[in-house]
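Peer 1: For reference, the structure I am asking about is given below.
The values are calculated or read from the model by the stated rules, or taken from the named source; none is laboratory data. Computed from a prediction, not measured in an experiment: that's the story for all the values here. Note: ideal-geometry Cβ built from the backbone for every residue, glycine included; neighbour counts use all protein chains shown. Note: accessible area is taken over every heavy atom of the protein model, side chains too, but ligands, DNA and RNA are not part of it. Shrake-Rupley method; radii C 1.70, N 1.55, O 1.52, S 1.80 Å.
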Amino acid sequence: MTETCYSYDVVIIGAGPSGSVAAGILLQKGYSVCIVERQEFPRFSIGESLLPQSMVYFAEAGLDHVIKSQNFQDKDGADFHWLGNHTSFDFSEKSTDGPSTTYQVVRADFDLSLIKEIERKGADVHFQATVTQTDITVNNAIIYVTSPERGDYSIKARFCLDASGFGRVLPRLLNLETPSSFPPRKSVFTHVVDGITHPQFNRDRILINVHPHYKDIWYWVIPFSNGSASIGVVGELRYFQNMIDGGHDNRSILQNFIQQDDYLKDVLSDAVFAKPVQTLEGYSCSVKSLHGPGFALLGNAGEFLDPVFSSGITIAVKSASLAANTLDRQFKGETISWEDDFSKPLLTGINTFRAFVESWYEGKLISIFFAKKADDDQIRRYLTSILAGYAWDTGNPYVTHSKRRLNSLYEICQ
C-alpha cells in the first residue's frame, strides 16, 4: 500500500517530445498535468533530425519559440547518395502548405529545453520515477511509481497518456504488444566531431547514404550546429553477425561499415569519434490498439517503423496533438470516439510512412530517387511533401494510395 497519492487531470508517462507537446496543449486548455519520467535529463537519445511538419505541433503546444532560441542546426531538405550519384530534396519545393524548414538537434539539449518550458508553464515533472504497475479504467487512471526522491507512491488522474517511447510502459504492463511486420534490424551509431569539408556536403540537410553493395543497408549523417554530427548505419541483423562473431566491438563495426563506402569514407575522413558507439536493434514495434478505457499511446510507445525518413518525432507529436485535443473534448462532455478521432487519423500518416519504408527496403524507392529519367515536377513535389513529414495530407495521392502509386512509379522508372 502506497502512502502518498497525487491527483491530476492527466498523467503522462515520459518527458520526451510527445509528452511535452501533449502537456503543452493540455496546460493551455487549463488542465492539471503530471509527467513521470524514468530517466534524469539531460540524457542521450537518437531521432535527431526533425521534419518541417513537426513544427506545426510544437507551435500548437507553445514550444516553437523555445526551439528557435536554442541555436540548433537549420534543416531545409534531405540529400541521398548511392554509387556516386547524388540527389537532393528541397523541402520548399513540396506540394503541401506549411513550414518548409526545421532543425537538426542534439536530443539531450532539445528534450531538456522542451520539458523545462513545460515545467515553467505549470506541469509537475517527476524525474527518475519508474512506473511499476497500473490500475486504469474508463473513469480513473492510477499509476504506481517508485523513485529515489519520493519512494513508492501513486498518481491518480482522469486519463493516462503513455509517451514513454521505446520504454513502452503501458504496452508491456497491459499486454498490448504485437510483433512488427518489419524484419529485425540493427543500428550502430555515435556522435563525432565531424571536420567535414567535402564540397558536396550540405550541413542544412541530413545525408542518407545507401551501401554500395546492399541496397537494404544505409547510413545517416546528421550535422549539428556545434561542428559535431550524428552518424550511424542500419541493416538487418545478419549483416552484422560475422563481425560480432569475430569479436568486433560496436566502434569497430561502425568504422568497418564506413570504410565499405568510398563516398562516406571521404566525407568522414577527418571525423573524430566523440562518444561511445551505441547500438539499438529490433526497434520496430506495434500494438493491438493505440487506446483503451482511460489511456492512449503516443509516438513510439504505440508504433515505431524505422529511422530512415526521420518520421519518429513527427508521428509522436502528431499523436500528442490528436490525443490532447480528443481528451479536451472528452473532458468537456462532448461525444468522441478514440478510434475515429485519434487512431484512424494517426494511422493515415503512419501507413503512408510504412509504405515508403517498405518501398525503400525493397529497393524500389531508391530506384525512384535515383532514376535517370527526367522528373515529373508535380510527382517530385508530392514525394517531397512526404519526406518533409506531411504524411496526413489526403490531397496528396502518395498519401491516399501510397503503395499502389509507388509501385506504379517504380515501373515507370524502370
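Peer 1: Return yes or no: is S343 under 13 Å from the mean Cα position of the chain (by Cα), under 25 Å from V169 (Cα atoms), assigned to a helix (DSSP H, G or I) and polar (S, T, N, Q)?
Peer 2: no
Peer 1: Separate question: From the list L346, L322, which one is open to solvent by 10 Å² or more (accessible area, probe 1.4 Å) and touching a residue at least 24 places away in the same chain (Cβ under 8 Å)?
Peer 2: Residue meeting the stated conditions: L322.
Peer 1: Would you mind stating whether K94 is under 15 Å from I313 (Cβ atoms) and charged (D, E, K, R)?
Peer 2: No; evaluated as a whole, the condition is false for this residue.
Peer 1: Check W338, W360 and return the single one that is closer than 26 Å to R185 by Cβ and in contact (Cβ under 8 Å) with a residue 40 or more places away in the chain. Break it down stepwise before answering.
Peer 2: Numbers: W338 fails: closer than 26 Å to R185 by Cβ.
Answer to the check: W360.
Peer 1: Okay, moving on. From the list I350, I336, I315, which one is farther than 30 Å from G84 by Cβ, of a type outside the set (F, W, Y) and outside any helix (DSSP H, G or I)?
Peer 2: Sole residue among the options that is farther than 30 Å from G84 by Cβ, of a type outside the set (F, W, Y) and outside any helix (DSSP H, G or I): I336.
Peer 1: Mind listing whichever residues of the range 10-45 are within 19 Å of S319 (Cα to Cα), open to solvent by 10 Å² or more (accessible area, probe 1.4 Å) and in contact with a strand residue (DSSP E or B) (Cβ under 7 Å, 6 or more places away or on another chain)?
Peer 2: L27, Y31, E37, listed by residue number.
Peer 1: State the number of residues belonging to the range 107-164 that are open to solvent by less than 50 Å² (accessible area, probe 1.4 Å), part of a loop (DSSP other than H, G, I, E, B) and out of contact with any helix residue (DSSP H, G or I) (no Cβ under 6 Å at 6 or more places or on another chain).
Peer 2: 2
Peer 1: OK, next. Taking the range 248-268, which residues are surrounded by fewer than 18 Cβ atoms within 10 Å (Cβ to Cβ) and either in contact (Cβ under 8 Å) with a residue 40 or more places away in the chain or touching a strand residue (DSSP E or B) at 6+ places or on another chain (Cβ under 7 Å) (or both)?
Peer 2: N250, R251, Q260, D262, D266, listed by residue number.
Peer 1: Kindly evaluate D74 against the criterion of being over 22 Å from V106 (Cα atoms), open to solvent by 10 Å² or more (accessible area, probe 1.4 Å), in contact (Cβ under 8 Å) with a residue 60 or more places away in the chain and touching a strand residue (DSSP E or B) at 6+ places or on another chain (Cβ under 9 Å).
Peer 2: no
Peer 1: Can you name the residue in the range 215-247 that is touching a helix residue (DSSP H, G or I) at 6+ places or on another chain (Cβ under 7 Å) and open to solvent by 10 Å² or more (accessible area, probe 1.4 Å) and is also nearest to L305 (Cα to Cα) among such residues?
Peer 2: For the range 215-247, the residue satisfying everything is D216.
Peer 1: I would also like to ask the following. Any idea how many residues of the range 46-58 are open to solvent by less than 40 Å² (accessible area, probe 1.4 Å) and not in a loop (DSSP other than H, G, I, E, B)?
Peer 2: Looking only at that region, the number is 5.
Peer 1: Here's another thing I want to ask about it. So, S310, is that one touching a strand residue (DSSP E or B) at 6+ places or on another chain (Cβ under 9 Å), in a loop (DSSP other than H, G, I, E, B) and farther than 23 Å from Y239 by Cβ or not?
Peer 2: no
Peer 1: Confirm whether D79 is surrounded by fewer than 24 Cβ atoms within 10 Å (Cβ to Cβ), touching a strand residue (DSSP E or B) at 6+ places or on another chain (Cβ under 8 Å) and in contact (Cβ under 8 Å) with a residue 40 or more places away in the chain.
Peer 2: yes
Peer 1: Among the residues of the range 349-368, which ones are open to solvent by less than 80 Å² (accessible area, probe 1.4 Å) and more than 17 Å from G389 (Cα to Cα)?
Peer 2: Passing the criteria: Y361, G363, K364, I366, S367, I368.
Peer 1: Let me ask something else about it. Quick check: anything in the range 229-243 in a helix (DSSP H, G or I), of a type outside the set (F, W, Y), farther than 30 Å from P345 by Cα and touching a residue at least 12 places away in the same chain (Cβ under 8 Å)? Spell out how you get there, then give the answer.
Peer 2: Our first condition is that a residue be in a helix (DSSP H, G or I); within the range 229-243, this holds for 238-243.
Now restrict to residues that are of a type outside the set (F, W, Y): 238, 241-243.
From what's left, farther than 30 Å from P345 by Cα: 238, 241-243.
From what's left, touching a residue at least 12 places away in the same chain (Cβ under 8 Å): 243.
Yes.
Peer 1: Need the failing condition index for D64 against (1) touching a strand residue (DSSP E or B) at 6+ places or on another chain (Cβ under 9 Å); (2) modelled with pLDDT of 95 or more, just the number.
Peer 2: Going through (1) touching a strand residue (DSSP E or B) at 6+ places or on another chain (Cβ under 9 Å); (2) modelled with pLDDT of 95 or more one by one, D64 breaks only (1).
Peer 1: I need the full set of residues from the range 269-294 which are of a type outside the set (G, A, S), closer than 23 Å to D216 by Cβ and open to solvent by less than 60 Å² (accessible area, probe 1.4 Å), in order please.
Peer 2: V277, T279, L280, Y283, C285
Peer 1: What are the residues in the range 143-165 that are in contact (Cβ under 8 Å) with a residue 40 or more places away in the chain and touching a Ser or Thr at 6+ places or on another chain (Cβ under 6 Å), if any?
Peer 2: Answer for the range 143-165, where residues must be in contact (Cβ under 8 Å) with a residue 40 or more places away in the chain and touching a Ser or Thr at 6+ places or on another chain (Cβ under 6 Å): I143, Y144, D152, Y153, S154, K156, A163.
Peer 1: Can I ask one more? Under 7 Å between Cβ atoms, which residue pairs at least 6 apart in sequence (or on different chains) link something in the range 186-207 that is touching a residue at least 60 places away in the same chain (Cβ under 8 Å) and among the basic types (K, R) with a partner that is in a loop (DSSP other than H, G, I, E, B) and open to solvent by 10 Å² or more (accessible area, probe 1.4 Å)?
Peer 2: Sorted first by the residue in the range 186-207, then by its partner, the pairs are K186/L237; R205/D76.
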